[in-house]
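Accompanying notes for the structure given below.
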Amino acid sequence: MLGELILVSGLTLYGSGFAADRSAAFVVSFATTVLFWRIFIYRAEELLAEAGTTAPDPTRVAFWATYSYPFMVAGIVVTAVGVELVIAHPLGHPQPAWVAVILGEPALFLAGRAGFEYTVFSRVSRNRPIGVLVLAALAPAMLFVPPLLAALAATAVLAGIAVTDAARARGRPPEPPSPPG
């Protein structure tokens with residue numbers, strides 16, 4: 001899915017021209033893609049198999065992990081829609097639906113990631129729900145700024161989550177899975 005996001009970003013930029021504002025929107029979309037990778041795949045994804053083998057009920061782990069994926073995938077698919085909007089109209093007048101897509105995409109992804117994290121570790125890092133709340137709080141203000149700034153705000157929230165994840169993990173071995181019993 002992340003590869004598709006990069007492909008959509010590149011094709012949209014190519015089709016709309018390489019103006020500075022559109023190129024900046026492409027850079028923001030690429031940064032968002034990298035942050036999705038960092039937040040989801042880095043470390044936690046590799047522990048899912050181990051969580052399944054150490055869980056008292058491996059079927060339950062597989063069940064809940066399977067249900068967290070559609071939220072993350074939906075967040076990435078919606079991101080592709082938002083990327084197209086932002087690259088095509090980076091400095092345009094924002095529509096409420098655009099803001100919902102631009103800020104809703106990372107919120108949906110974070111909700112899915114929180115579910116996945118609970119499935120693997122029996123807990124959810126505070127920064128996931130805080131990120132969703134920050135995105136919701138930003139929504140009214142983003143109705144008055146260009147789509148590029150709304151996308152940049154969403155990317156900044158994801159960057160904050162990635163930085164806090166890295167700070168929490170710095171110098172420590174990967175946390176062993178401890179799926180709910």
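The values are calculated or read from the model by the stated rules, or taken from the named source; none is laboratory data. These numbers come from a predicted model, not from an experiment. Using ideal geometry, Cβ is built from the backbone for each residue, glycine included, and neighbour counts are taken over all protein chains shown. Only protein heavy atoms, including side chains, enter the accessible area calculation; ligands, DNA and RNA are left aside. Shrake-Rupley method; radii C 1.70, N 1.55, O 1.52, S 1.80 Å.
So the values come out like this:
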item: Apportionment of accessible area to carbon and sulfur, region 30-118, percent (1.4 Å); result: 72
item: C-alpha long axis of helix 2-16 to longest principal axis of the chain, angle in °; result: 0
item: Along each principal axis, Cα extent of the chain, largest first, Å; result: 54, 31, 30
item: The chain - mean residue ellipticity at 222 nm from DSSP helices (-39,500 (n - 2.57) per run, n ≥ 4, rounded to 500); result: -27000 deg cm²/dmol
item: Mean Cβ count within 10 Å, highest first, over the residues of peptides 106-114, 135-143, 171-179; result: 106-114, 135-143, 171-179
item: Per residue solvent-accessible surface (Å²) - the chain, probe of 1.4 Å; result: 49
item: Folded to 0 to 90 degrees: helix 127-142 orientation relative to the chain principal axis, Cα; result: 20
item: Total charge dipole magnitude, region 1-141, about the Cα centre, Cβ charges on Lys, Arg, Asp, Glu only, Debye to nearest 20; result: 300
item: Choice from Tyr69, Tyr118, Tyr14 with maximal GNM fluctuation in the chain (Cα, 10 Å cutoff); result: Tyr14
item: Hydrodynamic radius of region 69-173 per Kirkwood, over alpha carbon pairs, in Å; result: 14.2
